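This report refers to the structure that appears directly beneath it.
Coordinate-derived values only; no laboratory data. All figures in this text were calculated on a predicted structure; none of them were measured in a lab. Neighbour counts are summed over all protein chains in view; Cβ atoms, including those assigned to glycine, are modelled from backbone coordinates with ideal geometry.
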Ligand code: AQP
């Protein structure tokens with residue numbers, strides 16, 4: 001802040017020196033000068049100073065608003081029903097949510113069915129996939145009583161808030177996001193929904209006044225969009241939301257790589273099924289996929305994510321499955337070739353996946369139970385979203401202010 005203020009002062013000193021220099025060069029007296037065009041220049045500069053000082057002080061206020069102080073801590077995250085969940089989704093999202101819940105956080109997890117429309121979505125596949133993702137969240141250990149598990153489209157407020165936020169977002173900002181540029185470059189007819197994806201994501205969080213969002217590194221920029229929208233909303237209408245903060249893990253669980261091409265992340269939509277380990281995979285399937293995982297020609301096992309992405313990904317998976325740090329995993333692998341180490345990693349993963357897979361099979365046989373959880377979750381989510389949206393509607397003028405509406409009712 002001090003630096004910003006100092007720069008601001010220096011800028012003003014330079015400006016007035018320039019004015020003085022212009023006066024001397026043009027041989028105009030100050031009186032003549034201010035009676036001419038320069039008075040307009042002077043006025044506009046004064047306006048600029050006024051605007052900047054306002055910005056300076058309002059920025060100062062913003063920086064003093066710390067997440068979690070004014071707003072109760074709430075974790076919000078979503079999973080798209082775009083396919084069967086894999087170890088990346090498990091380590092990177094589900095298990096983290098379960099851990100946060102165990103630490104006492106208020107965790108809301110939703111199945112992001114509306115988001116899944118930004119890619120190609122087959123109508124007949126949406127319901128079974130939605131149930132499957134919900135079942136995976138429960139199988140991973142998420143407690144629906146302590147948290148809230150629901151389907152995004154069951155709470156219409158996500159879409160309603162998205163519209164209001166979309167009117168505050170700029171095309172230039174959204175079109176500049178790397179994930180949009182990458183996805184849009186791969187298709188001919190780019191749907192507007194793809195551009196709006198981060199705005200809907202912002203609405204998903206803000207409609208519950210989410211303060212913390214467990215995200216992967218690739219989502220950090222989307223969270224910046226959400227933070228920017230909060231600032232714009234506050235500036236235009238008043239305070240309605242906290243500024244959401246990314247919860248980035250320090251164990252690398254947000255960056256599980258494809259087993260076939262370690263330069264890419266493990267993904268549901270990768271056309272190669274050997275690139276990912278599913279939560280429903282049998283032990284044999286897991287062993288086979290790990291055996292086929294791409295490494296390199298160096299036989300020793302080391303952890304060098306930049307230069308040896310393949311083997312380091314295996315080390316990472318080993319660590320996450322057995323709760324180790326990379327140094328421990330590497331020392332366990334001492335004297336083993338990559339092929340032998342793959343057996344160690346596969347065994348660790350089999351042990352880790354087995355209980356989740358068993359619970360998933362159990363839930364698959366009882367879809368009514370999962371549906372009940374989702375119905376109950378949606379009812380609770382709607383109550384929370386309605387409360388926030390009512391405030392938004394008041395601030396934006398969509399509803400009369402509470403005091404006035406009371407008078408109108410009486
Ligand atoms: N490879 C990954 N490593 C760690 N975390 C990951 N996540 C996804 N892939 C990895 C996390 O899982 C959560 C749900 O992701 P999503 O369903 O929103 O979709 P995504 O991020 O686009 O993941 P996919 O599996 O790659 O899906 P598709 O193929 O449909 O795009 C998120 O928290 C995400 O960070």
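The table that follows gives values for the structure above.
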| quantity | calculated |
| --- | --- |
| Separation of the residue 220 and residue 282 label points, Cα + 7 Å toward Cβ, nm | 4.2 |
| Dimensions in Å of segment 273-364 - Rg and Dmax from alpha carbons | 13.4, 43 |
| Largest to smallest principal axis extent of the C-alpha atoms in segment 98-235, angstrom | 41, 40, 28 |
| Estimated distance in nm for a label pair at residue 123 and residue 306, the labels positioned 7 Å out from Cα along Cα-to-Cβ | 5.2 |
| FRET E, pair residue 237, residue 182, Förster distance 51 Å, beta-carbon r, rounded to 0.05 | 0.95 |
| Full-stretch length increase - residue 159, residue 172 - with 0.36 nm per residue and alpha-carbon distance subtracted | 2.5 nm |
| Once the Cα gyration tensor of segment 116-191 is diagonalised, semi-axes √(5λ) in Å | 29, 18, 13 |
| Segment 307-326 versus segment 98-151: alpha-carbon centroid distance in Å | 26 |
| Cβ-Cβ FRET estimate between residue 189 and residue 73, R0 fixed at 56 Å, reported to 0.05 | 0.85 |
| Rounded FRET efficiency, nearest 0.05, which uses the C-beta distance separating residue 337 from residue 380 and R0 of 51 Å | 0.45 |
